[in-house]
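Engineer: The structure's right below; bear with me while I get my questions together.
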Amino acid sequence: MTIWPATISRDPRTWLQLLPAVFAVGMSFFVVKFLARRRFKKFQRLLPDTLQLLSGTLRAGYSLPQGMEVVSKEIADPMGQELRRAMTEARLGRELEECLAGVSERMASPDFAWAVMAIGIQREVGGNLNELLNSVADTMIARERLRREVGALTAEGRMSAGILSCLPPGLGLIMWVMNPGYISLLFTSFIGNVFLGLGTVSATIGLAWMKKVITIDV
């Protein structure tokens, strides 16, 4: 007796036929996530330079909307793209703070949200906005430096977690190539199904624990 349907449990080749579809779905998810993460990191790296450039335009005598317009044309994408979209919305009648808040929501950037909050508070109570922007930019640069130091210190742990996560399926694939009749018992027998399930659960718990250990919020 097995826990798998009788139509597929007797033929391990059926599982191999499903692997390309599973791989394609998984890869599409990871590719989209990777591209979104890369865009977010580039946005974050450009944020201090954007604030410093905006501060320079304010010292040169530009108003905040004018300075934002200049910065949106000078700074690289994706920051420039998002700022140009925000300025287009502002020209259509939306409040500038709301347009900038929309950028922080689309990019899921708390640092940009803090900068927008600082700009909003300054416009309400007054003060020297260019000095405020420089202070915010310096704080972000210091936080990014600390984040990179933490990343360097946890690199060994991340590499170990990656190797350990690839080891079980890699060994299983090697054993399938060398002796398919031996490893096919994991899919065709009840006790094999049990061990396969326990191994998957144990590996998932171990990887989640390692991720928790090496993840440090800065």
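The values are calculated or read from the model by the stated rules, or taken from the named source; none is laboratory data. Computed from a prediction, not measured in an experiment: that's the story for all the values here. Neighbour counts run over all protein chains shown; Cβ positions are idealised from the backbone, glycine included. To get the accessible areas, we keep the full protein, side chains included, count just its heavy atoms, and leave off ligands, DNA and RNA. Shrake-Rupley method; radii C 1.70, N 1.55, O 1.52, S 1.80 Å.
Engineer: Could you pull out the residue among LEU196, LEU146 that is over 30 Å from LYS41 (Cα atoms) and in a helix (DSSP H, G or I)?
Structural biologist: On the way: LEU146 fails: over 30 Å from LYS41 (Cα atoms).
Going through LEU196, LEU146 in turn, the sole match is LEU196.
Engineer: Taking the range 71-114, which residues are out of contact with any Cys (no Cβ under 7 Å at 6 or more places or on another chain), in contact (Cβ under 8 Å) with a residue 12 or more places away in the chain and of a type in the set (Gly, Ala, Ser)?
Structural biologist: SER72, ALA76, ALA101, GLY102, SER104, ALA108, SER109, ALA113
Let's see how each residue does on (1) within 15 Å of ILE119 (Cα to Cα); (2) open to solvent by 60 Å² or more (accessible area, probe 1.4 Å):
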{"position": "PRO48", "(1), (2)": "yes, no"}
{"position": "LEU54", "(1), (2)": "yes, no"}
{"position": "ALA60", "(1), (2)": "no, yes"}
{"position": "GLU69", "(1), (2)": "no, no"}
{"position": "GLY80", "(1), (2)": "no, no"}
{"position": "ARG84", "(1), (2)": "no, yes"}
{"position": "MET87", "(1), (2)": "no, no"}
{"position": "GLY93", "(1), (2)": "no, yes"}
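Engineer: Now for a separate question. Which condition breaks for PHE187 when tested against (1) of a type outside the set (A, V, I, L, M); (2) more than 34 Å from the chain's Cα centre (by Cα); (3) open to solvent by 80 Å² or more (accessible area, probe 1.4 Å)?
Structural biologist: Here PHE187 clears every test but (3).
Engineer: Within the group ILE141, ILE174, which residue is assigned to a helix (DSSP H, G or I), within 30 Å of TRP209 (Cα to Cα) and modelled with pLDDT of 85 or more? Break it down into steps so the answer makes sense when it comes.
Structural biologist: On the way: ILE141 fails: within 30 Å of TRP209 (Cα to Cα).
Selected residue: ILE174, the only one of ILE141, ILE174 that is assigned to a helix (DSSP H, G or I), within 30 Å of TRP209 (Cα to Cα) and modelled with pLDDT of 85 or more.
Engineer: Here's a follow-up. Residues being more than 10 Å from PHE43 (Cα to Cα) and assigned to a helix (DSSP H, G or I): count how many of those fall in the range 64-80.
Structural biologist: Filtering the range 64-80 down to residues more than 10 Å from PHE43 (Cα to Cα) leaves 64-75.
The next check asks that each one be assigned to a helix (DSSP H, G or I); those that pass are 64-74.
Looking only at that region, the number is 11.
Engineer: Is there any pair with a first residue in the range 130-148 that is without any contact (Cβ under 8 Å) to a residue 24 or more places away in the chain and a second that is assigned to a helix (DSSP H, G or I) whose Cβ atoms are under 6 Å apart and which are 6 or more apart or on different chains, and what are they?
Structural biologist: The qualifying pairs are LEU132/ALA118; LEU132/GLN122.
Engineer: Within the group ALA155, ALA108, ALA142, which residue is at positive phi, surrounded by fewer than 16 Cβ atoms within 10 Å (Cβ to Cβ) and either more than 21 Å from the chain's Cα centre (by Cα) or among the small types (Gly, Ala, Ser) (or both)? Talk me through it step by step, then tell me what you get.
Structural biologist: Working: ALA155 fails: at positive phi; ALA142 fails: at positive phi.
Testing whether each residue is at positive phi, surrounded by fewer than 16 Cβ atoms within 10 Å (Cβ to Cβ) and either more than 21 Å from the chain's Cα centre (by Cα) or among the small types (Gly, Ala, Ser) (or both) leaves just ALA108.
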